Amino acid sequence: MNIIVVGLSHKTATVELREKVAFSPNLIEKPLRDLVALDDIVEGVIVSTCNRVEIYATTRDIAGGIARIKRFLADHHRISLETLEPHLYSHHSEAAIRHVFRVASSLDSMVVGEPQILGQIKTSYGYAAEYKSSGIILNRFLHKAFSVAKRVRTETRIASSAVSVAFAAVELAKKILGDLSDKTVMLIGAGEMCELAAKHFLNSGARGVMVTNRTFERAERLAADFGGEAVPFDELFQHLHRADIVLSSTGAPHCIIGPKDVEEVVKRRRFKPMFFIDIAVPRDIDTKVDDVENAYLFTVDDLQEIVQANLAQRNREAEKAEEIIDQEIGQFYKWLSSLEVTPTIVALRSRFDEIRRAELEKTMAGWKDLPPEAEKRLEALTMAITNKLLHAPTAALKRAGQGGRIDLYVDALRQLFDLQTGHQEDDELELEE
Amino acid sequence: MTHLFFYLTLVLYGCATTAYLACLFRTSDWLTRWASRLLAAGCISHGLSTIHLASQAGHLPLTNMQESLSFFSLLIVATFLLFERRYKVTTLGSFVTPVALVMLILASALHGEVRQLPPILQSNWFWFHALLAFISYAAFAIAFGVAVMYLIQRHFLKAKHFGGLFQKLPSLETLDEISYRSLAVGFPLLTFAIISGAIWSEQAVGSYWVWDPKQTWSLITWFIYAALLHGRLTIGWRGKRAAILSIIGFIVLLITFLGMKHSITW
């Protein structure tokens, strides 16, 4: 049995095309049933996110299976195959396993290391399990992919650093102010990025928000959104000393906060440090503010630089993740190939023979002065019994080998008779989260 | 026995210091754990060595420079281990353990002359004075390490240089907090040490204050730390100014300790 992957992602298709090919989670039952009803397709899982649409399936006929799934995607979404095909990629066998492990570990994501994709695959797999379109192989395959993703997340620092400007601002503030739980944010003006950053600060535990704006109504509205306090714009400097974190993005044509102001404010705060972020163009806060002791001013460019550095770090960590994936592919592939018929028959035979021999030796050892003739006959007798016993299951296996669901038999046999297989690692069969 | 444990301590401190320095450049839980374990093992060995020496001499081993340096080093390590437990700041170890190691190496290089306890030291006030002084020194050594870290971290923030070391160092606020705590422990101890020293001086030479270099420099050290704490509590001095003052304080303290041994006693 072979695993195949067919799909498209942000790397191969525009968002318009991805939208057209997306599957709605509410209506996923029918496509899943249609998918496994295709000739030669045994099991199937459909993963559909805003960045990728992928189908994982098992088949005996790699080329045919891939072609049928491509056709299925085109037909289902009523797009001509000619338009769709150039954007589709397909993988089989080891490459397919690698692809899915990489996707689940967020190595193929637009932002490498972002954590959402794993949850999305888990949900997609949940549907496939619910509608029984996935079976022994894909079940095990996806659980393996989840455990690989978990290993990657815990053993590398791929997701440990901030890769958005707003998050970078929070991280930076923590490096100055330490714990944010007793810190107050002051929002000057109402840029989108400022609001986003303020939200991040609140989520990271900041105590409260003050909002000021040239139009007071606007400040009030925003303050209400945040559960904060609106401050009239001309009273800014009466309140600034209460802020530990200042986010500024007004449309003012010149600086509204200068080094002299900040010096006063910092003194009033008994030199407790202040963290400024200036998002406005032209600037709201004079760059000389950074020269004031215990005041730290950062611009969007500084934050962008942090984000770039963190992304570079993620890419370095991604190399470690690839090594982990390499190890895991080997293990999984061993299990997958153990599901083939011939090795199973061989293993089954040697298991029976092993038992036969052990029992025979036990009997002979306790049986003195046995004539050699009798010894030969006992040998022949036991062999005949095992052969007879094995005849029917062997024939059934060979017959099933020509049909579709061989893995069912093989897996059952291996478990019933405790045959050696390629998987020593523990089964993680429950879905986390 | 003493020598065996002393050299074992040297080896363990050496390994721990190397591990703590490596922690600055590599992120590894394993490395962090072992740095701390090695240092704790060194500290125990150092403690045993000191106790053995003390039990042989019949008093605290503080009667010559070699013993004093070793004792100083022991207290720095013990104090750091306490702070590390409390604040989870591995990087502080990268700045403090080298100081302890250098002191111990100096101690091992010095000739440890066996000497009779001079009669002048046979006073409880002396031992009280010495013990308090050394504990306060250890606290100031921590404040010194933290101050150096503060200045480095502040430099990174002002220069907008966000490299690996920046990520490793704790936040300015944490550093400031540890600095304040260690000063708040060190300063009262130093004050009592100076007072008990004066009482002992009265017993020994008949005058509370004789203006010998050791006493003078101790007083200078005291004034620096007094100014630092006063500034902090009244005006709210913190950050760069406090860090620089804390570094100056420790340098003066080292001068007092290393340079001024020709005082009324030795």
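Rolled with a 1.4 Å probe across the full set of protein chains, the surface gives A:Lys267 an accessible area near 130 Å². Amide H to amide H distances under 5 Å link A:Glu43 with A:Thr58, where only residues 5 or more positions off or on other chains count and H is placed in the peptide plane.
Accessible surface computed residue by residue for the protein assembly as shown, with neighbouring protein chains in place and a 1.4 Å probe, gives 47 Å² per residue. List the pairs from A:Lys272/B:Lys88; A:Lys122/A:Lys398; A:Lys175/A:Lys199; A:Lys144/A:Lys398 whose alpha-carbon separation is above 25 Å, in the order I gave them. Where the Cα-Cα span goes over 25 Å, the pairs concerned are A:Lys122/A:Lys398; A:Lys144/A:Lys398. Percent of C-alpha pairs per 10 Å bin in chain A, short distances first: 4, 17, 19, 15, 14, 12, 8, 5, 3, 2, 1, 0. Once both labels are positioned 7 Å from their Cα atoms along Cα-to-Cβ, the gap between A:Gln415 and A:Met110 label points is 4.1 nm.
How many percent of DSSP beta bridges within the protein assembly as shown run antiparallel, rounded to 5?
Percent antiparallel among DSSP bridges in the protein assembly as shown is about 45.
Scanning residues 5 or more positions from A:Ala206 or on other chains, none has an amide H under 5 Å from its amide H, with H placed 1.01 Å from N in the peptide plane. Between A:Arg316 and A:Gln238, the contour length at 0.36 nm per residue exceeds the alpha carbon distance by 23.4 nm. In summary, the helical segments of chain B meeting the span-like criteria, namely a full DSSP H run, a Cα extent along the axis of 24 angstrom or more and a mean Kyte-Doolittle hydropathy of at least -0.5, are B:2-23, B:29-57, B:65-87, B:90-109, B:124-158, B:172-205, B:213-234.
The percentage of C-alpha pairs in region A:77-192 whose separation is greater than 22 Å is 56%.
Taking amide H atoms as placed 1.01 Å from N in the peptide plane, the amide H of A:Val211 lies under 5 Å from those of A:Leu187, A:Glu229, A:Ala230, A:Val231, each 5 or more residues away in sequence or on another chain. Sequence-ordered 3J(HN,Hα) estimates for region A:10-24 from the Karplus curve with 6.51, -1.76 and 1.60 and θ = phi - 60° stand at 4, 7, 10, 9, 6, 5, 4, 5, 4, 4, 5, 8, 5, 9, 7 Hz, glycine and proline given as x. The relative contact order of region B:1-44, computed from alpha carbon pairs under 8 Å that lie at least 6 residues apart in sequence, is 50 percent. For chain A, the longest principal axis of the Cα atoms and the long axis of helix A:300-338 meet at an angle of about 10 degrees.
Using C-alpha pairs under 8 Å with a sequence gap of at least 6, the mean separation divided by the residue count of chain A gives a relative contact order of 14 percent.
Can you check what the net charge comes to around B:Ala19, using other residues whose Cβ is under 15 Å from the Cβ of B:Ala19 (Lys, Arg +1; Asp, Glu -1)? Surrounding charge for B:Ala19 is +2.
The values are calculated or read from the model by the stated rules, or taken from the named source; none is laboratory data. If you're wondering where the values come from, they're calculated on a predicted model, not measured in any experiment. Don't worry about glycine lacking a Cβ; one is built from the backbone with ideal geometry, like all the others, and counts go over all protein chains shown. For accessibility, only protein heavy atoms count, side chains too; no ligands or nucleic acids. Shrake-Rupley method; radii C 1.70, N 1.55, O 1.52, S 1.80 Å.
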